[in-house]
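The values are calculated or read from the model by the stated rules, or taken from the named source; none is laboratory data. Since the structure is predicted, the reported quantities are computational estimates derived from the model, not experimental observations. All Cβ positions, even for glycine, are placed from backbone atoms using ideal geometry, and neighbour counts span all protein chains on display. Calculation scope for accessible area: heavy atoms of the full protein, side chains included, ligands and nucleic acids excluded. Shrake-Rupley method; radii C 1.70, N 1.55, O 1.52, S 1.80 Å.
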Amino acid sequence: MADKDGILNPKDYGIDIPQANSTFHVKGNSHASWGMKSRLSKIFNPRSGNSLMLAFDHGYFLGPTSGLERLDLKIPPLAEYIDCFMGTRGGLTSCIDPSITGDKAIALRVSSGSSILNDDLSNEIISVDIEEAIRMNADLMATQVFIGAPHQKESIDNLSKVINTGNRYGIPTMGVVAVGKEMARTAEYFRLATRIIAEVGAQVVKCYYCDDFETVVAACPVPIVIAGGKKIPEYDAMDMCYKALQLGAAGVDMGRNIFQSDDPFAMVQAVRGIVHDKLTTKEAYELYETIKNR
Ligand code: R5P
């Protein structure tokens, strides 16, 4: 039986001490297969070690949200500046010309089953099989994980199945930490969720930024990319990216704060500057303003 009292106050995170025995630029993946490392290197730039993923999978449970009414119009102009498209099977195949994917990675959302009409979003299935992921040339499969939610077990079952099949074919899996209506966005919760996802075997974890984020990163043995979350002012979104990167995030998987920006084209380039070129928040914002005012 788990001794809950004995595990509640972990504190020795070894902040700033790099993961031991690392021979590959993607944390925790030094022992991955050749094909998996090749795919991870498309997602995470070997020079910066980081990734700029553009998330536009929101329609899989939200329908046509603000900024994503037309994937075919909104996403292609941003493609040049990103490392990875993160979308659904239907969104990608119907709206994104494969010729623009070029050397960009494809992160394929493979879970679905809920919608904003449900109170409980955690009851998902895996709706895209491994053959389809291979046919689509996916470099990463993404599935939602609902720790502490009514269907936690099913979402971990989904995660496990995706990892098991992905490992068979060298395609990495990204576990996406879900935050339901009642779930806290605290470091304590994110440490729990990200660590569970990593220990089940996901090669990449997506999580939200929070206070004490460095403890979440340190306790998670694989890279964390942050979700952008709800639209906030451009400067604040850039500052969140900057702080997350400073505290150990390996990039961003950002959606609304790019495609709902006053100027998505300027915003994606500013965020890219933070992710890959070590721009500070102030420098990135200046870049944003310069591009916006051209
Ligand atoms: C998670 O629920 C999905 O991947 C979202 O579509 C994605 O996290 C949203 O990105 P953002 O929060 O930056 O809009």
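Stokes-Einstein at 4 °C, 1.567 mPa s, Kirkwood radius from Cα pairs: D for the stretch 34-292 in µm² s⁻¹?
Values: Rh = 18.1 Å.
So the translational diffusion coefficient is about 72 µm²/s.
With N set to the residue count of the stretch 178-235, report its C-alpha Rg divided by 2.2 N^0.38 Å to two decimal places. Each step should come with its number before you reach the end.
Details: Rg = 11.5 Å, N = 58, 2.2 N^0.38 = 10.3 Å.
With N residues counted in the stretch 178-235, Rg over 2.2 N^0.38 Å equals 1.12.
Highest mean first, what order results for 34-46, 81-93 on Cβ atoms within 10 Å? Numbers along the way, then the final one.
Values: 34-46: 18.1, 81-93: 21.7.
Most protected by this proxy first, the peptides run 81-93, 34-46.
Taking every DSSP beta bridge that has both residues in the chain, what percent is antiparallel when rounded to the nearest 5?
Restricted to the chain, the bridges split so that about 5 percent are antiparallel.
Rounded to whole Hz and in sequence order, give me ³J(HN,Hα) for the stretch 38-47 from the Karplus expression 6.51 cos²θ - 1.76 cosθ + 1.60, θ = phi - 60°, writing x for Gly and Pro.
So the J values, rounded to whole Hz, are 4, 5, 4, 6, 6, 7, 9, 4, x, 6.
Using Cα pairs closer than 8 Å and at least 6 residues apart in sequence, work out the relative contact order for the chain, in percent. Walk me through the intermediate numbers first.
Values: 527 pairs, mean separation 51.5, N = 294.
With pairs under 8 Å counted, the relative contact order is 18 percent.
Counting only heavy atoms of protein chains, what accessible area per residue, in Å², does the stretch 34-292 have with a probe of 1.4 Å?
Details: 10640 Å² over 259 residues.
Spelled out: the 1.4 Å probe surface of the stretch 34-292, per residue, equals 41 Å².
Of all accessible surface on the chain at a 1.4 Å probe, what whole percent is carbon and sulfur? Show your work: numbers first, answer last.
Numbers: 7050 of 13860 Å².
Percent of accessible area from carbon and sulfur atoms in the chain: 51.
What's the local net charge at residue 58, with K and R +1, D and E -1, over the other residues with C-beta under 14 Å away? Provide the component values of the computation, followed by the final result.
Details: positive: 70, 74, 109, 206, 230, 231, 256; negative: 57, 69, 253.
Charge balance in the 14 Å sphere: +4.
Ignoring solvent entirely, what values of log10 I(q)/I(0) come out of the Debye formula for the stretch 135-178 at 0.17, 0.24, 0.27 Å⁻¹ when each Cα is a single scatterer?
Here log10 of I(q) over I(0) equals -0.45, -0.77, -0.90.
Which ³J(HN,Hα) values, rounded to whole Hz and listed in residue order, are derived for the stretch 161-169 from phi using the Karplus coefficients 6.51, -1.76 and 1.60 in 6.51 cos²θ - 1.76 cosθ + 1.60 with θ = phi - 60°, glycine and proline given as x?
Taking θ as phi minus 60°, the curve returns 5, 5, 4, 4, 6, x, 4, 4, 10 Hz for the stretch 161-169.
Quick check on the chain: helices-only [θ] at 222 nm, where DSSP H runs of length 4 and up contribute -39,500 (n - 2.57) each and the sum goes over total residues. Nearest 500, please. Each step should come with its number before you reach the end.
Working: 12 runs with 113 residues, N = 294.
-11000 deg cm²/dmol, from helical runs alone.
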